[in-house]
Structures are given as C-alpha cells and as structure tokens.
Amino acid sequence: MAAAPRERSPFLGLLPLPERNAVVQALRTETVGGLVLLAAAVVALAWANTPWSGAYEQIRDFHFGIPALGLDLSVEHWTADGLLAIFFLVAGIELKRELVVGELRTPATAALPVVAALCGMVVPAALYAVTVTAGGGSLDGWAVPMATDIAFALAVLAVLSSHLPAALRAFLLTLAVVDDLGAILIIAIFFTSDLNFAALGGAFACLAVFYALQRFRVRGWWWYVPLGVVSWALMYNSGVHATVAGVAMGLILRTTRDEDETASPAERTSHLIHPFSAGVVVPLFALFAAGVGVTAASLGEVFTRPEPLGVVLGLVAGKALGIFAGTYLAARFTRARLNPELAWADVFALAVLAGIGFTVALLIGELAFPDPAMAERVKAAVLVGSLIAACLAALLIKRRNGIYRRLYEEETRDEDHDGIPDIYQRTGASER
C-alpha cells in the first residue's frame, strides 16, 4: 500500500514563540535605526542642495588618520570603510544566527528565502545589464541594484503603521540577511584592488587568533577589540574592502550558549553594538554618502543615461519580479505552501518594498564608478529608485493593511493575561 503523501508545510505560517520574540526585538532596533537613517538621508540631501553645500563638501572630503599606516582617509571614506565595518559585523552575526538557529538552519526552511533572495539579486543585475547594453553604457554598475536596505524598508513599514504578521516580517529579515551575504561576496570578489598579500596574510592570521580565542572560550573585550581593529586595518591595506573583516568576525563569534552562560558571545556583542550600528553608524554613512546635488538636469539624466536608468529599473522592477518569482517557484516546486491566511498580493508588496536599496547600494555605486560625476548620477538613481519602490510598496501595503491588522490582533490576543499569546496555547499550535 502506497504511503500517504506528506502534507506541505505552511510558508509564512506562525513562528515558534522564541523565534517570534527574537524577530520582534530585531525589528524594533532596525525600525528605530531606519527612521534615524531616513532623517540622515533627508538632512544630507537638503544640505547638499543649499547655499551651504560647500561646507558639506569640505567636511565630507576632510582627511585625517595615520598616513604611516596607510590610514589617511577622508571623512566619507572613514564612514564607508571604517564605521560601516561595524554594520557588517552585525550582518555577520545575524547571518550566523540564521544559519545556526534561524530560517537557514535546515535546507527545507532555507530553500525558499534563499531562492527568493538569489532571484532578487540576479534579476536586477540582468535588467541593468540589458538596459546599459541597449543604451551603450557601462556594465560596471551591475551590482548596484542588487542590495536591499533592511533598515530603510522597515522604516517605511513603521511610518505606515502596518500590522504585518511576524512571519512576513521575518521573511523580509531573512531575505535581507542572504542579500547582505551576496553583497559581501560581490564586494570581496569583484571590487578588490591590487592585493597586498602580506597585509592580507596578517588579516587572516588575526582572524585565526580571533577564532582560537572563541574556540577556547577566552573572555574579555580587551582581547577582541584590539584584535578586531588590527584585522580591519590589515584588511583595508590588503586591497580587499575592509568591511569583509567585520562580517568575518561576525561569522566567527559563537552563537550557542554554554551551560554557565546566560547569552552567547554573539548575542552579547549584538546586544551592545546593534543599536549603535543602526542608530549611529548607518545614519553617519548616509549623511556623507547621500548628499547629492539635485537639479532638473541631473534628475533628467537619471532617466536618459543608461547607467542610472539601469539602476532605477533594477531596483523598482528587477527586485519586485525577482523576489516574487523566486518565492512563487520555490513554493510551487517544494513542500512549502503559502499560509492560507495570506495572499500572494502580500508577498508581492513585500517584494516591491525590497526594492529600497540604500546603504549597500550607495557603497557599491562608489566602488563601481571611481569617476565622481558618474558616481553622483548613480547615487541619484539609487535615491530615485528607492523612493519609487517605497511609494509603490506603500500603496500596496495600505491596500492589505486591514488583513494585516486582523492577523496581528489574532497573533497577539492574550485574553487570559498570562503573557503568552492565546494562539500559542491552542492544540496543535506548535505544529503550525
């Protein structure tokens, strides 16, 4: 007698309570940071388009550091190469957590967000390539529209006061984690200048010591902070983008707790620096990266020159089509099925929202186009594309907000006031 077919597991169903609480905490930090990021970008744009724009450029281009160590950088580069390494350290920790205890810990749960994220990177890059090839432009910026800015995307959700279900938000977070990993690999592989193998070897040696300290349970920030700074400096001087050192340290940090620990090293580190990264590091980067002079002529070039037009199309159309198609195909040909309480329109709204590319997109734009004039046009394209994606997503999400509110109220109802949502106390809830 043939065995009964296995029931397909619900995609975007109810999260386990511990995972839901972790997602809520991450969302709270990212949302607050996203609002600060939004404010920093507005300040940068306003400042760069006032009579005081000269002062903005002077501050942005001011150099300081230690020339003897190859670290005489401008303020803009200190934020992009230095402070942003902290952002990538947090990204590395989040990726490690997803790989160990999150949605990426098993092939079955990882398949759908990974496929969706990969399609959300490949389709925008392909659309950019088609656009610039048809217009006779440069292919150098193919990676610019591939990145999603999770903080900015969640800030848009916060402004909308949406009641997205936790699982849908978690899917966005997981997409962003995989997206960040793809961006890190792209930066490391395609935007590495002439290698200094001595410095690169020294950076890897520092990371090996970092790993050994974690392996042998050595505690104390006075070991790790100096080692991290030295590793970052050597990575910068090696020709590999310095942010790679940050994500490498994040992946090395231990995410499992020992019996005598209340929190793992990764949890403690993330708890300490995540608010600083979201509330200070990324907004400072935005302040000195988003200051683009906006005129009627420059806005016209965004839609008439092939490179910036490719970026806009990649972010607005490529991201939406890639993520939605990847999610649908993965759900169609795997055991996953969409939560019956949601509609594919919800997933499409999320895919459009993922077209907000800011932090990493601006960084890759600077790396891809050394020419300042072209870099400014690409920055403007990132801002325009992100704004269009945000507006379209806002319209779509507002249409679904009633459904989101009903699901949110169902998920959070606690009629017996015991601190545990009632939905987790129903028979079979743990299997959902």
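Inspect all residues belonging to the stretch 234-250 and state whether any of them is among the β-branched types (V, I, T) and at pLDDT 95 or above. No: zero hits.
For the criterion of being of a type outside the set (S, T, Y) and more than 25 Å from G34 (Cβ to Cβ), P306 passes. Scanning the stretch 413-426 for residues that are within 20 Å of L168 (Cα to Cα) and open to solvent by less than 50 Å² (accessible area, probe 1.4 Å), we see that the one that is modelled with the lowest pLDDT is Y424.
Scanning the stretch 210-227 for residues that are surrounded by 14 or more Cβ atoms within 10 Å (Cβ to Cβ), under 28 Å from the mean Cα position of the chain (by Cα) and without any contact (Cβ under 8 Å) to a residue 40 or more places away in the chain turns up Y224, L227. Only one of the numbered conditions (1) surrounded by fewer than 24 Cβ atoms within 10 Å (Cβ to Cβ); (2) within 20 Å of the chain's Cα centre (by Cα); (3) under 27 Å from L395 (Cα atoms) is violated by E301, and that is (2).
Considering the stretch 244-272, and only residues there that are farther than 15 Å from L99 by Cβ and of a type in the set (S, T, N, Q), the residue that is surrounded by the most Cβ atoms within 10 Å (Cβ to Cβ) turns out to be T269.
Checking the conditions here, which among A375, A361, A394, A380 is without any contact (Cβ under 8 Å) to a residue 40 or more places away in the chain and open to solvent by less than 30 Å² (accessible area, probe 1.4 Å)?
On the way: A361 fails: without any contact (Cβ under 8 Å) to a residue 40 or more places away in the chain; A394 fails: without any contact (Cβ under 8 Å) to a residue 40 or more places away in the chain; A380 fails: without any contact (Cβ under 8 Å) to a residue 40 or more places away in the chain.
Only one candidate qualifies: A375.
Pairs please, first residue from the stretch 342-353 and under 11 Å from L392 (Cβ atoms) and touching a residue at least 40 places away in the same chain (Cβ under 8 Å), second anywhere and charged (D, E, K, R) and open to solvent by 10 Å² or more (accessible area, probe 1.4 Å), Cβ atoms under 7 Å, 6+ apart in sequence or on different chains. Here the result reads A349/R400, each pair linking the stretch 342-353 to a residue that is charged (D, E, K, R) and open to solvent by 10 Å² or more (accessible area, probe 1.4 Å).
The values are calculated or read from the model by the stated rules, or taken from the named source; none is laboratory data. The model shown is predicted, which means the values in this text are computed figures rather than measured ones. With ideal geometry, Cβ positions are generated from the backbone for all residues, glycine too; neighbour counts draw on all protein chains shown. The area values use the complete protein model at the heavy-atom level, side chains included, leaving out ligands, DNA and RNA. Shrake-Rupley method; radii C 1.70, N 1.55, O 1.52, S 1.80 Å.
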